[in-house]
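Student: I am attaching a structure below and will ask some questions about it afterwards.
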Amino acid sequence: MPDRLRDRISDALALLNGARTLRCPFPTCTVRIRYRAITPAEAERLTVLAADHTRHGTKH
């Protein structure tokens with residue numbers, strides 16, 4: 001099973017269990033943040049963190 005499909009299935013199962021999954025949009029980045037039962041402000045902070053590859057990407 002391709003990794004991308006496996007990841008999407010895993011995300012769907014997490015959603016069924018009440019968790020949200022955020023991923024970095026950078027094509028080769030594997031950062032994934034899952035959360036449940038947090039405040040809207042914390043969800044926004046985590047969304048920004050996941051979307052900003054420079055904050056969690058490999059430093060060269």
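Student: From the P(r) of segment 3-56, can you give the percent of Cα pairs sitting at distances over 14 Å? Write out the running numbers ahead of the final one.
Tutor: Working: 762 of 1431 pairs.
When all Cα pairs of segment 3-56 are counted, 53 percent exceed 14 Å.
Student: Still on this structure, please answer the following. Using θ = phi - 60° and the Karplus relation 6.51 cos²θ - 1.76 cosθ + 1.60, list the HN-Hα couplings for segment 5-18 in order, rounded to whole Hz, with x at every Gly or Pro.
Tutor: Karplus values, whole Hz, x for Gly and Pro: 5, 4, 5, 5, 5, 4, 5, 5, 5, 5, 4, 4, 8, x.
Student: Let me ask something additional. Please arrange Leu46, Leu15 by counting, for each residue, the other beta carbons lying within 10 Å of its beta carbon, fewest first.
Tutor: Ranked by crowding around the Cβ, least crowded first: Leu15, Leu46.
Student: Going through segment 8-60, which trypsin sites (Lys or Arg not before Pro) have at most 14 other Cβ atoms within 10 Å and a DSSP loop state?
Tutor: In loop regions of segment 8-60 (DSSP not H, G, I, E or B), the sparsely surrounded trypsin sites (Lys or Arg not before Pro) are Arg36, Lys59.
Student: With unit charges on the beta carbon (Lys/Arg positive, Asp/Glu negative), name the residue among Ala43, His53, Cys29 whose Cα is farthest towards the positive pole of the charge dipole of the chain.
Tutor: The Cα lying farthest towards the positive end belongs to Cys29.
Student: For Cys24, what residues show an amide H to amide H distance below 5 Å, using hydrogens built from the backbone and excluding near sequence neighbours?
Tutor: For Cys24, whose amide H was placed from the backbone, the distant partners under 5 Å are Val31.
Student: Another question about this same structure. With θ taken as phi - 60° and the coefficients 6.51, -1.76 and 1.60, list the Karplus ³J(HN,Hα) couplings across segment 39-51 in order, rounded to whole Hz; mark glycine and proline as x.
Tutor: Coupling constants for segment 39-51: 6, x, 5, 5, 4, 5, 4, 5, 4, 5, 4, 5, 7 Hz.
Here, each number is a calculation from the coordinates, and none is a lab measurement. Just so you know, these numbers come straight off a predicted model, no measurement behind them. Note: ideal-geometry Cβ built from the backbone for every residue, glycine included; neighbour counts use all protein chains shown.
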